[in-house]
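First up is the structure itself, then whatever we jot down about it.
The values are calculated or read from the model by the stated rules, or taken from the named source; none is laboratory data. These numbers were taken from a predicted model, which means no experiment stands behind them. Neighbour counts run over all protein chains shown; Cβ positions are idealised from the backbone, glycine included. With ligands, DNA and RNA removed, areas are computed over all heavy atoms of the protein, side chains included. Shrake-Rupley method; radii C 1.70, N 1.55, O 1.52, S 1.80 Å.
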Amino acid sequence: MPAYSLTKTRFVEGLWQGLLVAESAGASPPHITVTVQDAPVRGVTVTATPDPGRWAVDVPVPVQAVGDGVHTFLILDGASGEKLDSFTLIAGEAAGEDMRTEMALLRAELDMLKRAFRRHCTETG
């Protein structure tokens, strides 16, 4: 059973923010490590909140991770190596191709639903 749970609270202006909650009372904050493309992300902060066993986690998105392609950030408990959460940035050509593929899939599904609905109306009408 994980010792901590991490929930995203918001992602704005290049800063991913989350709430880290300890599963057991009196736990100390873990050492959080964040990686993108197997490189550590610098500037990650874990700040105590007024509630015991809860911490605010801020993960700045480095400039190097903003560009064409898919960049997945892994947020890990540094001691155990357990994955607490992750988030992905998709930009540039990869995003365009993904969107076109997704739109084509949605169109195909819509066409299938239209045919099925028309067939249903003909058979029951």
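The table below gives the values:
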quantity: Hz values of 3J(HN,Hα) by residue in the range 25-36 - Karplus curve (6.51, -1.76, 1.60), Gly and Pro given as x; calculated: 5, x, 6, 8, x, x, 7, 8, 10, 10, 10, 9
quantity: Per-residue HN-Hα couplings for the range 40-55 [Karplus 6.51, -1.76, 1.60; θ = phi - 60°; Hz; x = Gly/Pro]; calculated: x, 9, 8, x, 6, 10, 10, 10, 5, 9, x, 8, x, x, 9, 9
quantity: Fraction of accessible area attributable to carbon and sulfur, the chain (%, probe 1.4 Å); calculated: 56 percent
quantity: From phi via Karplus (6.51, -1.76, 1.60), per-residue ³J(HN,Hα) for the range 8-22 in Hz, x at Gly/Pro; calculated: 5, 9, 6, 9, 8, 6, x, 10, 8, 10, x, 10, 9, 10, 7
quantity: log₁₀ of I(q)/I(0) at q = 0.13, 0.19, 0.20 Å⁻¹ - the chain, Debye sum with one point per alpha carbon; calculated: -0.65, -1.01, -1.08
quantity: FRET efficiency estimate (nearest 0.05) - Cβ-Cβ, Phe117 to Glu97, R0 35 angstrom; calculated: 0.70
quantity: Simple spin-label estimate for Leu106 and Arg42 in nanometres, 7 Å along Cα-Cβ; calculated: 4.0 nm
